[in-house]
Each structure stands twice: as C-alpha cells, then as structure tokens.
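Data block below; observations after.
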Amino acid sequence: MEEHHAAKPILQRGSCWRVGNGAAIRILKDAWIPNHPSNKVLHPSQNIDEEMMVSELIDLDSRWWDRGFILQNFNREDAEAILRVPLSRRCISNSLFWIPNKSGEYTVRSGYHVARQLAKELDWAECSKGVVGGNVWKTLWKLKDNRCEACKTEPETGIHALWNCRVAQDVWVGCSARQQKCPVGQVDMLQLLDELINSDELEQFLVQVWLIWHQRNVMIQGKQFQAPGVLNKRENDFTEELRRANTQLSISLTVSNPTSWRPPPLSCFKLNFNASIFKEHGATGIGAIIRNDRGKVMAYL
Ligand SMILES: [Zn+2]
C-alpha cells in the first residue's frame, strides 16, 4: 500500500536504534547515535564498509566499545559521539525508539512535527510519493509543470490532472454526484474546492479525486488505464463502505476536543495522521485525516 511507503520517511526520521548487541544495525546507513546530528555517522570513513554492522565495533569480551578501533577509524566528532552511546552488559537485542518525545513512544503530535520538518526540507514535487499519508494533498498543490501523462497536451497542474483534463472529465461525467458536473476552467484546486466546499457530496468528490490521482500514479508506472466507469463504481463502493462503517462504529467526524486540535489558517487544510508498526507482519500502517480551517473533515484514509 502506498500509505505504508508514505509513512516510512517519517518513521525513519523520527526513530533511532537503541543499540543492544549491534547486530543488524548498519554503521553508516542507520540512525543509532542519539544526540548526534541526524543520529547517524556524519563523516563516512574509508575503513568502514557500507555493510559493516555496529556489532563489529563492540568488543566481545568486555561487551563495550572497541575504543582503540573507533578512535582510529572515525572522525573525532563521530568517535566521541559513538563512545557516549550507552551499551548494555547483558546481551540484549536492538530496539527502535521514537526520538521527538522523551518517553520514546510514538504520538500523533510528535509525528506531525517530524512530518512538518520533513516537508520543509524536501521539495515535495521532487518526491513523487510524497512523505505524509496525505501525499495526494501535499503533491496535489505542487505538481511539476510537466506535460500531462494522460492527454499529453496540457501542462500537468493539479487542477488539470484532477479536473480539467479530458481524461479526468470522462470520470467526472460518470460520477453519480450532481455537484461534480460543474463547469471546468477553474484556475486551481483551491478555486474548485471553494465552489464545492458546501456541497453535501463533498465526501464523494474527494474519494473520486483520490481515485483519479491514484489512477494517474498507476499510469506513470506504466500500468493499464482503467475505464472511467470502473473508477465511478469504485468511488460508489468506497463511499458506501465509508458511510456504513461510520454508521456502525458511530465515529464522530466532528472535532471532539477542540482544545487539543488547532485549526489551520483560513483557506488552508491541516493534515493529521497516526502511524503504527506491526512487528509480526513487518508492516506499518497509517491513518490520515484532513480538516479545513473550520475543523470540517475533508478527507480521511
Ligand atoms: Zn491531461
């Protein structure tokens, strides 16, 4: 699932290894030095092979850092940081901990800060998958000015790919929601959303946008295009499923605790997400929710 890939950079950035026996932690590639910039070795050393593990820096007899080897083979700044990393005399396995808060436990709030930080550092347009689970939304506004892959005629902007493009319009024409058949020609997605924001079919609109965007990504990967009707049916099924799930679970889509959630500035959207790791399955999962400046839910995954 794309969402899993999307969560990975955030988890990677926010997590650091707690060194146990050091096996399976790569010296140069992994983050394992707390309180060191990026938690990684800063100056790659010629004597350290890319695949060398942290366990090779630990003296087996004393179960402590091989001080001589480390001082000899690393830049002084790195060597000192490594020697400060606590080791356990017992042979314990390595574990990952989340850096941004003291407890080492992952929280939505801390994850959001890391995501924000990543967003500042990366050029979203360069990052085809986006970083946050709401990759659709982040990349949506910053599509590169390339030619549209679907019609090959117009430059691919967000509003083009998702709305104005004739390939997208083929899908919209078959969409069951009435409001979605409003005229084309909007300057950008914000203008379109402005026109639809009070529609009671906004949910359907967002699901269809998501499916068109997904289709666009599938196509870029060289895979087959789906007939517009297939996307309409999928939108129907998905919206129906969401409605049923919401009724059954009575999930409230209003902000239940306004003091812990602050709305974004006017005309902006705010993305919140939560991610978890399922150790047994070696997988990560992510949930995302997008709200507007009035706290109204715009989309969720
Ligand atoms: Zn197009």
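Quick note: the coordinates plus some simple rules give every number you see, no bench work behind them. None of the values given here were measured: they were computed from a predicted structure. Neighbour counts are summed over all protein chains in view; Cβ atoms, including those assigned to glycine, are modelled from backbone coordinates with ideal geometry.
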Residues whose built amide H sits under 5 Å from the amide H of Trp65, excluding neighbours closer than 5 in sequence, are Asp59
Among region 199-223, those whose backbone N falls under 18 Å of a label point 7 Å along Cα→Cβ from Lys233 are 208, 211-212, 215
Between Leu28 and Lys223, Cβ-based FRET efficiency (R0 35 Å, step 0.05) works out to 0.50
Counting sequence-distant residues (5 or more places) and residues on other chains, those with an amide H built under 5 Å from that of Glu156 are Asn146, Arg147, Cys148
Per its Cα gyration tensor (rounded if a/c is under 1.5, else prolate when a/b beats b/c, else oblate), region 20-93 is best filed as rounded
Scalar couplings 3J(HN,Hα) for region 56-64 by Karplus 6.51 cos²θ - 1.76 cosθ + 1.60 (θ = phi - 60°), nearest whole Hz, x for Gly and Pro, are 6, 9, 9, 6, 5, 6, 7, 6, 10
Residues whose built amide H sits under 5 Å from the amide H of Ser15, excluding neighbours closer than 5 in sequence, are Ile99
